[in-house]
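Reviewing the structure listed below.
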Amino acid sequence: MKTEDILNLDCRKQENREILEKYLMKVKPVKRLYDKEGELTTELLEKAMHGIITHYDFSIATQGIRPYYEDGKFIYYVVDMLRGKKERTWCGCVYGVTMWEIIAKITIKMYGEILKERKGK
């Protein structure tokens, strides 16, 4: 599966959440923290996300977490992601039904952007 396929998983289905968790273990900062703490919590993902930003000197901004509704019923959250320190460019969106899923997908998207940048060099 490609990064974009992972980001499009619907984690209301348990098998998709398991795929997302398995993929998260390929993100080195997540794996290291998981090995120390033993649980893939929202707080652990936040630490990993901040670690990625600091360690890789990676500048990314999330632009609002917006709920999306249809017929008055909550469907998912949407987060726009922007890259760059001075000039910000849009690099995609992530979607999720829980904050855990949103942070997990932001972390995966960031790590994917870093890897893509490294391949380009």
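Values in this text are rule-based calculations from the coordinates and carry no lab data. Bear in mind that the values here come from a model prediction, so they are computed numbers and not experimental data. Here the Cβ positions follow ideal geometry from the backbone for every residue, glycine too, while neighbour counts run over all protein chains shown.
Report relative contact order for the chain in percent, whole number only (criteria: Cα-Cα under 8 Å, sequence separation at least 6).
Computed over the chain, the figure is 25 percent.
Could you pull out the trypsin sites (Lys or Arg not before Pro) across region 43-100 that fall in loop regions by DSSP (anything but H, G, I, E, B) with no more than 15 other Cβ atoms inside 10 Å?
Of the trypsin sites (Lys or Arg not before Pro), the ones in loops of region 43-100 whose Cβ has at most 15 other Cβ atoms within 10 Å are LYS85, LYS86, ARG88.
If you build the Cα gyration tensor of the chain and take the root of 5 times each eigenvalue, what three semi-axes come out, in whole angstrom, biggest first?
Result for the chain: semi-axes of 22, 19, 13 Å.
Which entries of LYS47/LYS119; LYS73/LYS119; LYS22/LYS86; LYS31/LYS73; LYS85/LYS105 have Cα-Cα distances beyond 32 Å here?
Too far apart for the 32 Å limit: LYS73/LYS119; LYS22/LYS86; LYS31/LYS73.
In whole angstrom, note down how far apart the Cα centers of region 12-31 and region 38-78 are.
Here the two parts' Cα centres lie 14 Å apart.
Evaluate the Kirkwood expression for the hydrodynamic radius of region 1-51, namely the inverse of the mean inverse distance over all pairs of different C-alpha atoms, and round to one decimal in Å.
It works out to 11.4 Å.
Using amide H atoms built 1.01 Å from N in the peptide plane, name the residues 5+ places from TYR76, or on other chains, whose amide H lies under 5 Å from its own.
Long-range HN contacts for TYR76: TYR68.
Using a cut-off of 14 Å between beta-carbons, work out the net charge of the residues near GLY64 (Lys and Arg +1, Asp and Glu -1, GLY64 not included).
+1
Under 12 Å from the Cβ of GLY92, count the other residues' Cβ atoms, weight Lys and Arg +1, Asp and Glu -1, and hand me the total.
Summing Lys/Arg as +1 and Asp/Glu as -1 gives +1.
Order of THR54, THR3, THR107, THR89 from fewest to most other C-beta atoms within 10 Å?
Ascending number of Cβ neighbours within 10 Å: THR89, THR54, THR3, THR107.
Can you check what the net charge comes to around LEU9, using other residues whose Cβ is under 12 Å from the Cβ of LEU9 (Lys, Arg +1; Asp, Glu -1)?
Within the 12 Å Cβ shell, the charges total -1.
With the dipole of the chain worked out from charges on the C-beta (+1 for Lys and Arg, -1 for Asp and Glu) around the Cα centre, which of MET99, ILE6, PRO29 lies farthest toward the positive end?
PRO29
For the chain, set up a GNM with springs between Cα atoms under 10 Å and report which of GLY51, GLY84, GLY72 has the largest fluctuation.
Of GLY51, GLY84, GLY72, the Gaussian network model singles out GLY72 as fluctuating most.
Can you put ASP57, ASP71 in order of Cβ neighbours within 10 angstrom, beginning with the fewest?
ASP71, ASP57
Collect residues whose amide H, placed 1.01 Å from N in the peptide plane, falls under 5 Å from the amide H of ARG88; neighbours closer than 5 in sequence don't count.
Amide H to amide H, under 5 Å and 5 or more residues apart or across chains, ARG88 pairs with nothing.
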